[in-house]
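The next block holds one structure in the form of structure tokens; read it before the comments.
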Amino acid sequence: MRVVTWNINSIRTRVDQVLGWAVANQADVLLLQETKCGDSDFPFAAFEAAGYEVAHHGVNHWNGVAIVSRVGLDNPVGGFDGHQREPFDEPRLLAATCGGVRMWSVYVPNGRELDDPHYLYKLVWLERLRSELALKGAVGQRSLVAGDFNVAPTDLDIYMPSRWKKRTHASPPERAAIDAIIDLGLRDVTREHLPGAGVYTWWNYRTDGFAKDQGLRLDLALCSPAVADATESVHVDRAARGLERPSDHAPLVLDINF
DNA sequence: ATGTCGTGGACGCCACGA
């Protein structure tokens with residue numbers, strides 16, 4: 001089973017590119033972030049015509065997450081459970097069961113600047129994600145929590161760590177929040193399979209970062225032991241970042257075989 | 001500090017978020 005997580009920065013702008021990529025690369029499941037549309041504007045028909053089922057959790061032109069699957073799509077749940085939903089009710093989390101694995105498509109708040117209230121929101125959101133995964137018993141079942149975490153877990157995940165010392169995405173509290181999620185018992189399978197430097201998933205549009213390979217590893221796939229043990233390979237498809245009018249993120253691809 | 005994208009409002013550019 002091939003599972004892909006990809007921040008696609010607007011599904012309406014890139015539906016042909018994303019779907020074309022999925023078909024060409026034989027993706028069984030796509031966990032998408034930043035669809036940037038409400039449910040009524042998602043191009044369901046195009047995916048369904050290609051044999052995929054779709055669950056989407058979106059409200060307006062901000063955020064938005066989706067799960068696309070051709071190996072079943074059961075029990076979709078958007079957002080945090082119950083009382084944990086408010087006031088953090090932006091569409092940034094969607095769960096569904098595909099191919100026997102409980103999957104979460106995750107879009108963590110950006111944080112903006114270290115002194116911005118949005119940064120605190122990011123930290124609280126990450127703690128709520130940890131709490132949600134604990135509540136749902138993610139570690140003890142076949143689980144895959146993947147998406148745009150907007151955090152580079154270590155300095156190995158940054159092209160030039162010194163440049164990010166005073167910026168979001170690399171600060172100690174953000175990394176501690178990621179570590180707390182991993183410490184539930186999940187495993188960062190990208191790191192396990194690709195232990196070296198230079199494994200990036202995002203390159204800045206503004207600085208022409210892709211041409212200079214100045215990237216960050218912001219997109220993570222955190223797996224329960226049952227799924228991590230079955231993960232045969234992990235790769236980033238950098239070619240997708242080089243397409244015409246690309247997203248600023250590349251797809252992260254997992255091949256899982258139970 | 002800057003850059004480039006995407007979106008929506010009331011445009012033919014500006015605001016905002018990334």
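So is residue A:180 within 18 Å of residue A:133 (Cβ to Cβ) and open to solvent by 10 Å² or more (accessible area, probe 1.4 Å) or not? I'd like the intermediate steps shown before the answer.
Working: within 18 Å of residue A:133 (Cβ to Cβ): yes; open to solvent by 10 Å² or more (accessible area, probe 1.4 Å): yes.
Yes; evaluated as a whole, the condition is true for this residue.
Between a first residue in region A:1-14 that is among the charged types (D, E, K, R) and a second residue that is near DNA strand B (Cβ under 8 Å from one of its atoms), which pairs have beta carbons less than 7 Å apart while being 6 or more apart in sequence or on different chains?
A:12/A:37; A:12/A:41; A:14/A:247
Could you list, in sequence order, all residues of region A:233-251 that are closer than 15 Å to residue A:31 by Cβ and open to solvent by 20 Å² or more (accessible area, probe 1.4 Å)?
A:236, A:237
Got a sec? Which of A:86, A:127 is modelled with pLDDT under 95 and open to solvent by 60 Å² or more (accessible area, probe 1.4 Å)?
A:86
Conditions (1) within 24 Å of residue A:121 (Cα to Cα); (2) in a strand (DSSP E or B), marked per residue:
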{"residue": "A:174", "(1), (2)": "yes, no"}
{"residue": "A:178", "(1), (2)": "yes, no"}
{"residue": "A:191", "(1), (2)": "no, no"}
{"residue": "A:199", "(1), (2)": "no, no"}
{"residue": "A:207", "(1), (2)": "no, no"}
{"residue": "A:222", "(1), (2)": "yes, yes"}
{"residue": "A:229", "(1), (2)": "no, no"}
{"residue": "A:233", "(1), (2)": "no, yes"}
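Only one of (1) within 16 Å of DNA strand B (Cβ to nearest atom); (2) in a loop (DSSP other than H, G, I, E, B) fails for residue A:19. Which number is that?
Here residue A:19 meets the rest and fails (2).
Just for region A:50-78: of the residues that are touching a Phe, Trp or Tyr at 6+ places or on another chain (Cβ under 7 Å) and more than 16 Å from DNA strand B (Cβ to nearest atom), which one is nearest to residue A:219 (Cα to Cα)?
Within region A:50-78, the match that is nearest to residue A:219 (Cα to Cα) is A:68.
Scan region A:22-49 for residues that are open to solvent by less than 20 Å² (accessible area, probe 1.4 Å) and within 15 Å of DNA strand B (Cβ to nearest atom) and jot them down.
Result: A:32, A:33, A:35, A:37, A:38, A:42.
Name the pairs whose Cβ atoms lie under 7 Å apart, with the first residue in region A:23-40 and in a helix (DSSP H, G or I), the second hydrophobic (A, V, I, L, M, F, W, C), and 6 or more positions between them or separate chains?
A:23/A:50
The values are calculated or read from the model by the stated rules, or taken from the named source; none is laboratory data. The shown structure was predicted, so the numbers you read here are calculated from the model rather than taken from an experiment. Neighbour counts run over all protein chains shown; Cβ positions are idealised from the backbone, glycine included. To get the accessible areas, we keep the full protein, side chains included, count just its heavy atoms, and leave off ligands, DNA and RNA. Shrake-Rupley method; radii C 1.70, N 1.55, O 1.52, S 1.80 Å.
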